[in-house]
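Read through the structure below, which is laid out as structure tokens, and then see the notes.
Taken together, the values in this text are just the output of simple stated rules run on the coordinates, not laboratory data. Just so it is clear, the model here is predicted, and its values are computed rather than measured. When we count neighbours, we look across all protein chains shown, and the Cβ atoms used for this are built from the backbone with ideal geometry, even at glycine.
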Amino acid sequence: MGETMTVTNLTNLTGKDVYTRGAEYVGKIEDAMLDTEKGSISGFTISMSRESFLYKTLSQGDQGVKKSVLIPYKEILACKDIVLVTAPKQIVPKQTEEEDHDESPIPGLID
């Protein structure tokens with residue numbers, strides 16, 4: 001027979017730990033971002049802790065550190081007990097509602 005597809009309720013993903021495939025802790029899933037036009041998931045908002053390699057990397061820059069980042073769905077490798085993502089080359093912090101949204105409709109990882 002063919003491959004079995006596993007369906008996961010998005011609410012079950014909230015609070016899951018997120019790691020890179022290199023076992024670096026990223027944070028926890030905070031929310032899912034949906035593309036209502038396509039009817040698909042566009043990404044996940046990840047809340048970072050101070051222990052996160054993302055937080056440590058971002059806090060080395062001149063800008064303030066955001067508490068959350070958006071990881072595009074295409075960067076998700078696996079979801080089960082934890083979530084695995086590809087290691088980011090460059091990270092853009094999630095914008096707040098007050099900030100300008102001219103750059104990209106989906107802030108997150110940039111190659």
_What distance in nm lies between label points placed 7 Å from Cα along the C-beta direction at residue 14 and residue 50?_
2.7
_Phi to ³J(HN,Hα) by Karplus 6.51 cos²θ - 1.76 cosθ + 1.60 over region 44-51, Hz, x for Gly, Pro_ = 10, 7, 10, 8, 9, 9, 5, 7
*Inter-label distance for residue 24 and residue 37, nm, one decimal - labels placed 7 Å from Cα along Cα-to-Cβ*: 3.3
